[in-house]
Structure formats: structure tokens, C-alpha cells
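Structure first, then comments.
The values are calculated or read from the model by the stated rules, or taken from the named source; none is laboratory data. On a predicted model such as this, the values are computed, not experimentally measured, just so you know. Here Cβ is always computed from backbone atoms with ideal geometry, including for glycine, and neighbour counts include all displayed protein chains. Heavy atoms of the whole protein, side chains included, go into the accessibility calculation; ligands, DNA and RNA do not. Shrake-Rupley method; radii C 1.70, N 1.55, O 1.52, S 1.80 Å.
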Amino acid sequence: MHDVVITGMGVVSPLGATTDEFERNLFLGRHGIVPLPKERQEGLTIQVYAPVAGFEPESHFSALELRRQDPYTTFGLAAVREAVSQAGVLGEVDPFRLGVYLTSGLGGATSVVNEYETLQRTGPRRVSPLLIPKWTTNILAGMAAIELGAHGPSLAHVSACASSAMSIGEGTRAIRHGYADAMVCGGAEMLGTRLAMAGFQNLRALTPVGDPDRASLPFDRTRAGFVMGEGGAAVVLEREDRARARGARILARITGYGNTTDAFHITAPSDDGAAVDRAIDDALAEAGPTSGTVHINAHGTGTVKNDRVESRAISRAFGPHSPVTSTKSMTGHLMGAAGALETIASVLTLLRDEVPPTVGTSELDPHIDIDVVLKASRKTKLARAVSLSLGFGGHNACLILEKAT
């Protein structure tokens, strides 16, 4: 089997429209949560969201290209371009050995809402013929493959909020077991419509808090739900021997991946956390032991049940003293893109030997016994980073990353 490394990363996020901007704001503890515009609040109890910051689509795509793609695809393709440019992988890999695993939670939801409004106003003949390709959750993978000339495996692993983490895990397996030499993996999401917000609100998943500084509080005693975010994130994975042979910069190694299902409830995690435990255990068994400090980038949504179940799983696997962060305290929840964005955050943590804070959280829930990094980032010599992602439907993914040596 082949070892797998990360050689490129790309980000479009509420903390900035490039990986450098994301990194700077992440470690400074600056969140990207803002008030929801008044005209979009009608009938909603939610008051904040986390939109992409500093991204100008027109600087990346022509007007014709933008008309032909949903905003989620725009975010995703921009992230892919940055990751591939950083990796320098094009032209270095046989196109039939270059694959694309890119995904989304709900795909082209913005296009669906817009075209439904067109249908209601002017009838079916005015609905765009591009609706279906803009809507489908696989189209980001398809369009990226077209742009990159990637003829290898191409899939969209749809597993709600664990989607892009699983894309990275499955991409790792594709390389490890010899199906590809390089994979572009990640995801994108744009759920800024009032319909999507109303749906999540009525699930009682979203915070009603109006103060952006106190809205996303993972593991906090007063947490009240998550904040909806948007954006895209992508990584380039490669066979380590081939990446080193061509002189690529190795950002991190992926050494473990676990993937399980609660088989319990359509939205709630199982109280016993057994499937989360197993995902962690499987990833650790694959990665092997380490004697150094392990950082955990938690799923950390800021919902009561998720935080308690996840924190217990973290404590059982790593004890109460491993430093833990929830990136969602700053970015909000990017749904299908969250796992990829948090994998990138984990890589940056390893590169800097610095754990970003869980911003806003100030008083931990007394039922939570883990070392959540609060207020400011913490310098710590790290050996390993673990990224956890949990999705509606009971999907669990655990990725383990190691420093490049």
C-alpha cells in the first residue's frame, strides 16, 4: 500500500477567500459571523450567518461561466484552483491516474429556489435548462474534472456534514490501494436561501442568538445551536513517493481514516457514541501509536447533544488533556464543506505547532471534560492532528494527519 500526503490546499470561507487569509484569521481568533440582513429575516428567528468574506467571483470566472454554475460550484472550483496551483500537480500525473472526489451536502440549493420562483411567476417554459446540472450534487466533481482534464475516479460522497471529510478519506484509500496517484478532494456549500434557513431553524438546530460574538459557542454552557456558513475547501492528495520524487512540498501526511454509521436517528447522534468511538478507533489503528501531543479539531457544532456525545468520545480516546478546537466557532457550519475546511485547519495547526481557539466559548458545559482551547491560540509542539466530522443520518468520519518528515 502507498503512503498519502497533502501537497495543496484551497479555501473560500467566512474567514477569507484564500488559504492565507483563512490561516491568518483562524489563528488570530477572528470569526466571520455577521448579522443576517433585515430583508432576509422576515418570519425567521435566526439573526446571524457566516457568509464568504472577500470573495469576488468575477475575478475568477467570466460572466458566462457564472451564469452556468450554482454559487456552491463557484466556491468549490475557486478552492480547487488554489489547491491545484499550490500543489503544482497538473502535468506531473497521468490524467487517468488523477481523480476528483468533490461533494456538497445539498448541492445547487440556490438554483433550485431561484428557478422555482421563476416557475411560479412565469411558468415552466421559463425555467432554465441549466437547472438540473446546476442542482446536482455531483456537478462540482464533474466540472472540476473537466477543467483539470482528470480522467481517473470521480465521485461525490454525499453524507451531510461529513461529506467532504469522507471525500478526503475515500480519496486517501483510492491512492493507498493503487487506484490513483493523485486526488483532488473536498467540498462546497451555499445554503443562504430563506428556505434552507427555515428548514434548519425548524429542526431547532440553529442558534437564535443575535450577537455575532456570542452566536456560535461550541461546548459552552449557554450554547444554543450552530450558525449557517458557506464556502468551499479542497486538498490535493498524492502518493508520497511520487510527490517527493517530483520535489513537491509536503504539507502533511494522512495516516488514518475511520468511517462508521450510528444507525440510530435521522438527525440526532446516538447517546452512547459507540459508532463515533469506532470511527476514531479504526483511524487510530490504521495510523498507529504516537507518543507526542495530539490536537483534535472537533465537529463541535454548538448543539447540546452533539457536543456532549462528541466530547465523551474524545475523552475516551484521547483523555482529558489533548487540546481541542471547534473551528465552527469562527466559520459557522459549512455543512458539506466543513470536513475539508477543518482538515485544512488541522494541517495548518501542525505546520505552526499552534492550536487555534474556540472563539466566544467562555464557560464549558459542566458535562464536558475535555481541554477546549479558549480565548487565544495556544503554542504547543504537536505530533498529530485528528479531524472529526459527524453528519445527519448518523455518518461519522475521523481523519488522522501527521507532520511531514
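With respect to residue 63, is the statement that it is of a type in the set (Gly, Ala, Ser) and in contact (Cβ under 8 Å) with a residue 12 or more places away in the chain true? The answer is no for residue 63. Between 238, 230, the distinction of being more than 18 Å from the chain's Cα centre (by Cα) and either open to solvent by less than 50 Å² (accessible area, probe 1.4 Å) or more than 17 Å from residue 158 (Cα to Cα) (or both) belongs to 238 only. Considering only residues that are within 25 Å of the chain's Cα centre (by Cα) and either within 12 Å of residue 131 (Cβ to Cβ) or part of a loop (DSSP other than H, G, I, E, B) (or both), which ones fall in the stretch 92-108? Residues satisfying the conditions are 104, 105, 106, 107, 108. The set of residues in the stretch 355-405 that are out of contact with any Gly (no Cβ under 8 Å at 6 or more places or on another chain), of a type in the set (Ser, Thr, Tyr) and closer than 20 Å to residue 312 by Cβ contains only 361.
Restricting the search to helices (runs of 4 or more DSSP H) fully inside the stretch 1-69 and requiring at least 1 residues that are out of contact with any helix residue (DSSP H, G or I) (no Cβ under 7 Å at 6 or more places or on another chain), closer than 30 Å to residue 257 by Cβ and modelled with pLDDT of 95 or more gives 19-28. Consider residue 77 carefully, then state whether it is closer than 18 Å to residue 233 by Cβ, hydrophobic (A, V, I, L, M, F, W, C), open to solvent by 30 Å² or more (accessible area, probe 1.4 Å) and at pLDDT 95 or above. No, not satisfied. Residue 216 passes every criterion in (1) out of contact with any helix residue (DSSP H, G or I) (no Cβ under 6 Å at 6 or more places or on another chain); (2) small (Gly, Ala, Ser); (3) under 24 Å from residue 22 (Cβ atoms) apart from (1). Determine the pairs where a residue that is outside any helix (DSSP H, G or I), located within the stretch 71-91, has a partner that is open to solvent by less than 40 Å² (accessible area, probe 1.4 Å) with Cβ atoms under 6 Å apart, the partner being 6 or more residues away or on another chain. Qualifying pairs under 6 Å: 89/182; 89/236. Considering the stretch 134-161, and only residues there that are in a helix (DSSP H, G or I) and free of Cβ contacts under 8 Å to residues at least 60 places away in the same chain, the residue that is nearest to the chain's Cα centre (by Cα) turns out to be 141.
Matching residues to (1) out of contact with any Lys or Arg (no Cβ under 8 Å at 6 or more places or on another chain); (2) within 22 Å of residue 228 (Cβ to Cβ):
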| position | (1), (2) |
| --- | --- |
| 4 | no, no |
| 9 | yes, no |
| 12 | yes, yes |
| 21 | yes, yes |
| 27 | no, no |
| 34 | yes, yes |
| 38 | yes, yes |
| 41 | yes, yes |
| 45 | yes, yes |
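For the condition in contact with a helix residue (DSSP H, G or I) (Cβ under 7 Å, 6 or more places away or on another chain) and either closer than 13 Å to residue 328 by Cα or of a type outside the set (Val, Ile, Thr) (or both), residue 228 qualifies.
The set of residues in the stretch 174-221 that are of a type in the set (D, E, K, R), open to solvent by 10 Å² or more (accessible area, probe 1.4 Å) and within 30 Å of residue 87 (Cα to Cα) comprises 176, 181.
For residue 179, the criteria (1) within 30 Å of residue 369 (Cα to Cα); (2) among the aromatic types (Phe, Trp, Tyr); (3) assigned to a loop (DSSP other than H, G, I, E, B) hold in every case but one, which is (1). Taken over the stretch 91-137, the criterion of being touching a helix residue (DSSP H, G or I) at 6+ places or on another chain (Cβ under 6 Å), among the hydrophobic types (A, V, I, L, M, F, W, C) and open to solvent by 80 Å² or more (accessible area, probe 1.4 Å) is satisfied by 135 alone.
Of the listed requirements (1) under 28 Å from residue 112 (Cα atoms); (2) at pLDDT 95 or above, residue 203 misses just one: (2). Per the listing 199, 232, 247, 258, the residue uniquely farther than 23 Å from residue 34 by Cβ, outside any loop (DSSP other than H, G, I, E, B) and not aliphatic (A, V, I, L, M) is 258. Does any residue of the stretch 262-284 turn out to be over 30 Å from residue 206 (Cα atoms) and assigned to a strand (DSSP E or B)? Checked against the condition, which is being over 30 Å from residue 206 (Cα atoms) and assigned to a strand (DSSP E or B), the stretch 262-284 yields no hits at all.
Return the only residue of 86, 41, 47 being surrounded by fewer than 23 Cβ atoms within 10 Å (Cβ to Cβ) and closer than 18 Å to residue 168 by Cβ.
Within the list 86, 41, 47, the selection yields 86.
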